Amino acid sequence: MSGGTKRIFVCNNKRTTPISCGLRLDASGMADQLIELLGEADTETEYQVIKSKCLGRCQHGPVLGIFPDNAWYSYEDREDLGEIVSEHVENERPVERLAIRRTTRTAA
Ligand code: FES
């Protein structure tokens with residue numbers, strides 16, 4: 001595994017029009033679950049989870065971005081987060097099923 005430090009930004013933005021990631025589900029709670037899953041992950045890389053404002057990919061929300069990988073994922077539940085951790089974090093393989101590919105950035 002690669003080591004070093006990576007950051008995962010989890011959109012926690014709360015806006016009603018259009019509805020934002022933080023209102024589609026409990027994004028803050030999901031970020032906490034991600035921290036928990038990362039704590040159990042088999043990786044030498046240190047991950048920091050940041051509960052962020054809008055990441056400009058609202059149409060795919062709820063979303064998270066992993067840097068410096070520049071990997072973007074849409075997720076719905078703990079299972080999705082677990083798959084991101086087991087595939088992307090532990091095995092350094094993108095999760096095709098959840099990946100956000102070409103996006104048009106949108107305003108916060
Ligand atoms: S509200 Fe989450 S990306 Fe914009």
- request: Taking only the range 39-76 into account, find how many residues are farther than 10 Å from F9 by Cβ, of a type outside the set (D, E, K, R) and near the ligand (Cβ under 9 Å from one of its atoms).
  value: 7
statement: Of the listed residues (L64, L81, L34, L55), the one being aliphatic (A, V, I, L, M), surrounded by 19 or more Cβ atoms within 10 Å (Cβ to Cβ) and part of a loop (DSSP other than H, G, I, E, B) is L55
task: Within the range 46-61, work out how many residues are touching a Cys at 6+ places or on another chain (Cβ under 8 Å) and more than 13 Å from I19 (Cα to Cα).
output: 3
Test: Q33 is out of contact with any helix residue (DSSP H, G or I) (no Cβ under 8 Å at 6 or more places or on another chain) and polar (S, T, N, Q): no
statement: Taking the range 38-48 and keeping residues under 13 Å from the mean Cα position of the chain (by Cα) and surrounded by fewer than 18 Cβ atoms within 10 Å (Cβ to Cβ) leaves Q48
Residue match in the range 7-20 (condition: touching a strand residue (DSSP E or B) at 6+ places or on another chain (Cβ under 6 Å), more than 12 Å from the ligand (Cβ to nearest atom) and either outside any loop (DSSP other than H, G, I, E, B) or over 16 Å from D80 (Cβ atoms) (or both)): yes
- prompt: Pairs under 7 Å by beta carbon, first residue among the hydroxyl-bearing types (S, T, Y) in the range 40-60, partner within 16 Å of the ligand (Cβ to nearest atom), six or more apart or different chains?
  reply: Y47/I8; S52/F9; S52/V10; S52/C11; S52/N12
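Rule-based calculations on the coordinates, nothing more; no lab input. Computed from a prediction, not measured in an experiment: that's the story for all the values here. All Cβ positions, glycine included, derive from the backbone under ideal geometry; neighbour counts span all protein chains shown.
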